[in-house]
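Have a look at the structure below, then the notes.
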Amino acid sequence: QKEVEQDPGPLSVPEGAIVSLNCTYSNSAFQYFMWYRQYSRKGPELLMYTYSSGNKEDGRFTAQVDKSSKYISLFIRDSQPSDSATYLCAISGAGSYQLTFGKGTKLSVIP
Amino acid sequence: DTGVSQNPRHKITKRGQNVTFRCDPISEHNRLYWYRQTLGQGPEFLTYFQNEAQLEKSRLLSDRFSAERPKGSFSTLEIQRTEQGDSAMYLCASSLDREQYFGPGTRLTVT
């Protein structure tokens, strides 16, 4: 079992839709959770950072962490064509600064 | 603050040659990371520096790979005797704490 599982998609939604992106992880020691957005042939861009369980909101983006289920989510409200990208979840534990990434989910928002 | 910069952006080399990449982190960041990303995959951790000390190394970092961060500022990643399997995007990131900010990457093609 991989440490971080993420459905690679692709996921295609109409403009204005609510998008839900998810990852599951296997190691209960993970405590730091991040979501990155990556456009084609570019470096990942940090969108959201969450420590431990709970919700965090930033504009149209909401990150949720459920440590009991080892499940993290990113919601995008009022999706725009400019949101079309690959979204990567990334996780680390208390004893290490290295990030373990999911494979990424490719999202297309259709005008 | 100009963000993390990486040079060169693209490198094409013949199998067996040595290559060196450079990363300049965000100026006040004391932590610096190297990752490798292949098509359709999330980034994979290679190594991590805190100031000039190399604190973590992945088993992916074979003896052909070496990284340095003299004086705790910029970092270099050298690959000796390149192989076709080394073809990938090499990403550098930096951080003050847990939130890692990535550069644009160096795309290596080994022919």
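The values are calculated or read from the model by the stated rules, or taken from the named source; none is laboratory data. This one's a predicted model, so the numbers in the text were calculated from it and none came from an experiment. Ideal geometry is used to build each Cβ from the backbone, glycine not excepted, and the neighbour counts take in all protein chains shown.
Would you check if there is a residue in region A:19-33 being at pLDDT 95 or above and either under 19 Å from B:Arg36 (Cβ atoms) or outside any strand (DSSP E or B) (or both)?
no
Do any residues in region A:39-63 that are surrounded by 15 or more Cβ atoms within 10 Å (Cβ to Cβ) have Cβ atoms under 9 Å from those of residues that are part of a loop (DSSP other than H, G, I, E, B) and hydrophobic (A, V, I, L, M, F, W, C), where the two are at least six apart or on different chains, and which pairs are they?
These pairs meet every condition: A:Gly43/B:Val4.
Can you find a residue in region A:64-73 that is touching a residue at least 40 places away in the same chain (Cβ under 8 Å), under 23 Å from B:Asp97 (Cβ atoms) and more than 13 Å from chain B (Cβ to nearest Cβ)?
The answer is yes, given that some residue of region A:64-73 is touching a residue at least 40 places away in the same chain (Cβ under 8 Å), under 23 Å from B:Asp97 (Cβ atoms) and more than 13 Å from chain B (Cβ to nearest Cβ).
State all residues of region A:85-108 that are surrounded by fewer than 18 Cβ atoms within 10 Å (Cβ to Cβ) and part of a loop (DSSP other than H, G, I, E, B); if no residue qualifies, say none.
Scanning region A:85-108 gives A:Ala94, A:Gly95, A:Ser96.
Can you pull out the strands (runs of 3 or more DSSP E) entirely within region B:16-104 that have at least 1 residues that are touching a residue at least 24 places away in the same chain (Cβ under 8 Å)?
By residue number, B:19-24, B:31-37, B:44-50, B:65-68, B:75-79, B:88-95.
Sort out which residues of region A:57-84 are touching an Asp or Glu at 6+ places or on another chain (Cβ under 7 Å) and part of a strand (DSSP E or B), and write them in order of number.
The answer is A:Ile76, and nothing else.
Taking region A:74-89 as the region of interest, how many residues are without any contact (Cβ under 8 Å) to a residue 60 or more places away in the chain and either within 14 Å of chain B (Cβ to nearest Cβ) or among the charged types (D, E, K, R) (or both)?
3
Results for (1) facing chain A (nearest Cβ under 9 Å); (2) aromatic (Phe, Trp, Tyr), shown as yes or no for each residue.
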{"site": "B:Gln6", "(1), (2)": "yes, no"}
{"site": "B:Phe45", "(1), (2)": "yes, yes"}
{"site": "B:Asp63", "(1), (2)": "no, no"}
{"site": "B:Gly72", "(1), (2)": "no, no"}
{"site": "B:Arg107", "(1), (2)": "yes, no"}
